[in-house]
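The values are calculated or read from the model by the stated rules, or taken from the named source; none is laboratory data. Since the model is a prediction, treat every value here as computed from it, not as a measurement. Here the Cβ is made from the backbone with ideal geometry for all residues, glycine too, and neighbour counts use every protein chain on show. When the accessible area is computed, the model is the full protein with side chains, heavy atoms only, and any ligands, DNA or RNA have been set aside. Shrake-Rupley method; radii C 1.70, N 1.55, O 1.52, S 1.80 Å.
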Amino acid sequence: MATNTQDVNRTDDELTAEQAAAPGTDATKAADGTGPAGDGGEDRGTGAAPRAEEREEPEGPEEAGAFEEETAEKAPSGVGLGAGAVVSAALGLVSLTGGWIGTVAAARETLVGQLQTSSGASVAKQIREVYGDAWHTTALWAGLFALAALVTGVVVLVRPAFGTPGRPSAAWIRSVAWGGVSLGVIGLLLAVLKYSDALLALPSTG
């Protein structure tokens, strides 16, 4: 009778605590990880959520900037083409003026003609040996410079077609290269006319 009285006197809180601690209850299963809560925890830990390495994060602005910098480094800078265009224009100008090399070569040819021509030679021969050969030498060197300017300018203009697709050279490079090509054509034409005596021919002695 004492035991029954004690059971009756137990409060509802004590009964609830004993039920929660009793094995096989939902609370015990949840604490042991074998119940719905534990199953859910296992599901969350065994693959319900995607793994970190499998998730594809969107490309951020920093990655995009790094990709653009890498692409810019691989792309040609155009320094070589710019230098080639300037060289082409300079060679074209030299072909029109003759240049220092042409002047020295003409002076040397004049000296050689004077040494090889005797004082008793005819006037026509003296003019041809002393002045004519020197004039032809100047025209020859001018033609070489003009040809170099023409070839260099054409290479600068054609080179972007064999480089990175869709990346043309700068406008100033094309302009300078076209200037070098034009000067080369003019210089080459004048050199041919001078060498063939069609322009500024030697005076006639007849």
Simple spin-label model, 7 Å along Cα-to-Cβ: Ala107 to Val158 in nm? 3.8
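Pull out the extension gain between Ala171 and Leu189, defined as 0.36 nm times the separation in residues minus the alpha carbon to alpha carbon distance; nm, one decimal.
Working: separation 18, 0.36 × 18 = 6.48 nm, distance 2.72 nm.
Contour length minus Cα-Cα distance gives 3.8 nm.
Taking a probe of 1.4 Å, how large is the accessible area per residue of the stretch 109-206, in Å²? Walk me through the numbers before you get to the answer.
Working: 6020 Å² over 98 residues.
With the other protein chains kept in place, the stretch 109-206 gives 61 Å² per residue.
Within the set of other residues whose C-beta is less than 15 Å from the C-beta of Ala105, count the net charge using Lys and Arg as +1 and Asp and Glu as -1.
Details: positive: Arg108, Lys194; negative: Glu109, Asp133.
Residues near Ala105 contribute 0 overall.
So how much slack lies between Ala124 and Ala83, counting 0.36 nm per residue of separation and subtracting their Cα-Cα distance, in nm? If you can, show how the numbers build up before the last one.
Values: separation 41, 0.36 × 41 = 14.76 nm, distance 4.67 nm.
Contour length minus Cα-Cα distance gives 10.1 nm.
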Within the stretch 122-151, name every residue whose backbone N is under 15 Å away from a label modeled 7 Å from Cα of Ser204 along the Cβ vector. 124
Sorted by average packing, counted as other Cβ atoms within 10 angstrom per residue and highest first, what order do 93-104, 130-141, 177-188 take? 177-188, 130-141, 93-104
